[in-house]
Amino acid sequence: MEVILLERIEKLGQMGDTVKVKPGFARNYLLPQRKALRATKENQTRFEAQRAQLEAQNLQRREDAQAVAAKLDGLSILIIRQAGEGGMLYGSVTGRDVADAVKEAGFTIERRQVALDTPIKSLGTYPVRVSLHPEVAVNVSVHVARSQEEAERAARAAAPQQEEEPAEQAAEGEAEA
């Protein structure tokens, strides 16, 4: 089935592209979400008439998303979960958990905006991609720990290593000079 994209779809195409997709993807996702139109002559002329308006709306949404991304960039969230001795969780951390934690941090995002390919199943720190707009994405650092104290210990253990690196680089720079 051929459709005309009304916005940029990752791994599919840009706004205005006519692409061939499977009928189920078009019927169940693209058409109900108003992300595409069927590729007919009437729809093609209607799209061309509305193209400037659609591009202006897309530009406004992208600017809003970039403003939120500037605030959201570098955000570090903590998720407390029970885990076994080996660090494996008794369950997992999903995109819904990450979206809820980001909401608690004061940002409004939806679960579908969190791009988590596989659930997190062990303790540690993970980068998670949050897609605010098809053209704007930001990484959020997710710390999974057993308790608040354990997360603070892990952060303190990582902090001296980060402070030592710039000092070593400065020493190397002085030695070269």
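Nothing in this text is a laboratory measurement; each read-out follows from the coordinates by a stated rule. This is a predicted model, so every value here is computed, not measured. Cβ sites come from the backbone with ideal geometry, for glycine too, and all protein chains shown count toward neighbours.
Defining a contact as two alpha carbons under 8 Å apart and six or more residues distant in sequence, what relative contact order in percent does the range 73-158 show?
Values: 141 pairs, mean separation 30.5, N = 86.
After rounding, I find 35 percent.
Highest mean first, how do 57-64, 81-88 rank when packing is the count of other Cβ atoms within 10 Å averaged over residues? Show your work: numbers first, answer last.
Working: 57-64: 13.5, 81-88: 11.5.
With the highest mean Cβ count within 10 Å placed first, the list reads 57-64, 81-88.
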Taking the range 105-153 as the region of interest, what is the percent of Cα-Cα pairs per 5 angstrom bin, listed from the shortest bin to the one with the maximum distance? 5, 17, 24, 23, 17, 10, 3, 1
1/(1 + (r/R0)^6) with r = Cβ-Cβ of Ala49 and Arg112, R0 = 35 Å, i.e. FRET efficiency to nearest 0.05, evaluates to 0.70
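Would you calculate, for the chain, the mean residue ellipticity at 222 nm contributed by helices, counting each DSSP H stretch of 4 or more residues as -39,500 (n - 2.57) and dividing by all residues, to the nearest 500? Present the calculation step by step, with values, prior to reporting the outcome.
Values: 3 runs with 71 residues, N = 177.
For the chain, the value works out to -14000 deg cm²/dmol.
Classify the range 2-63: rounded, prolate or oblate, from the alpha-carbon gyration tensor (a ≥ b ≥ c, eigenvalue square roots; a/c under 1.5 rounded; otherwise prolate if a/b is larger than b/c)? Show your work: numbers first, answer last.
On the way: a/c = 2.00, a/b = 1.29, b/c = 1.55.
Because a/c hits 1.5 or more and a/b fails to exceed b/c, the range 2-63 counts as oblate.
Counting each pair of different Cα atoms once, what's the Kirkwood radius of the chain in Å, rounded to one decimal? Please list the in-between numbers first.
Numbers: mean 1/r = 0.0510 Å⁻¹.
Hydrodynamic radius (Kirkwood, Cα pairs) of the chain is 19.6 Å.
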Report the label-to-label distance for Glu150 and Arg61 in nanometres (one decimal), using points 7 Å from each Cα along the Cα→Cβ vector. 4.0
Between Lys121 and Ser76, what length in nm is gained on full extension when 0.36 nm per residue of separation is reduced by their alpha carbon distance? 14.4 nm
Calculate how steeply helix 41-72 sits against the longest principal axis of the alpha-carbon atoms of the chain, using the helix alpha-carbon long axis, and give the answer as 0 to 90 degrees to the nearest 10. 20
Rg and Dmax of the range 73-158, using alpha carbons, in Å: what are they? 12.8, 41
GNM flexibility winner over the chain from Ala65, Ala151, Ala39 (Cα, springs under 10 Å): Ala39
Quick one: compute the contact order of the chain, relative version, from alpha carbon pairs under 8 angstrom and 6+ residues apart, as a percent. 18
Across the chain, how many lysine pairs separated by 8 or more positions, or lying on different chains, have Cα atoms within less than 17 Å? 7
What does DSSP give for the range 67-150 in terms of the percent of beta bridges that are antiparallel, rounded to the nearest 5? 75
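Treating only the Cβ of Lys, Arg, Asp and Glu as charged (+1, +1, -1, -1), what charge dipole size does the chain show about its Cα centre? Round to the nearest 20 debye. Don't skip to the answer; put the middle values down first.
Details: 24 positive and 27 negative charges, 345 e Å.
Charge dipole, the chain, about its Cα centre: 1660 debye, nearest 20.
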Does anyone have the angle between helix 148-176 and the longest principal axis of the chain? Alpha-carbon axes, 0 to 90°, nearest 10? 90
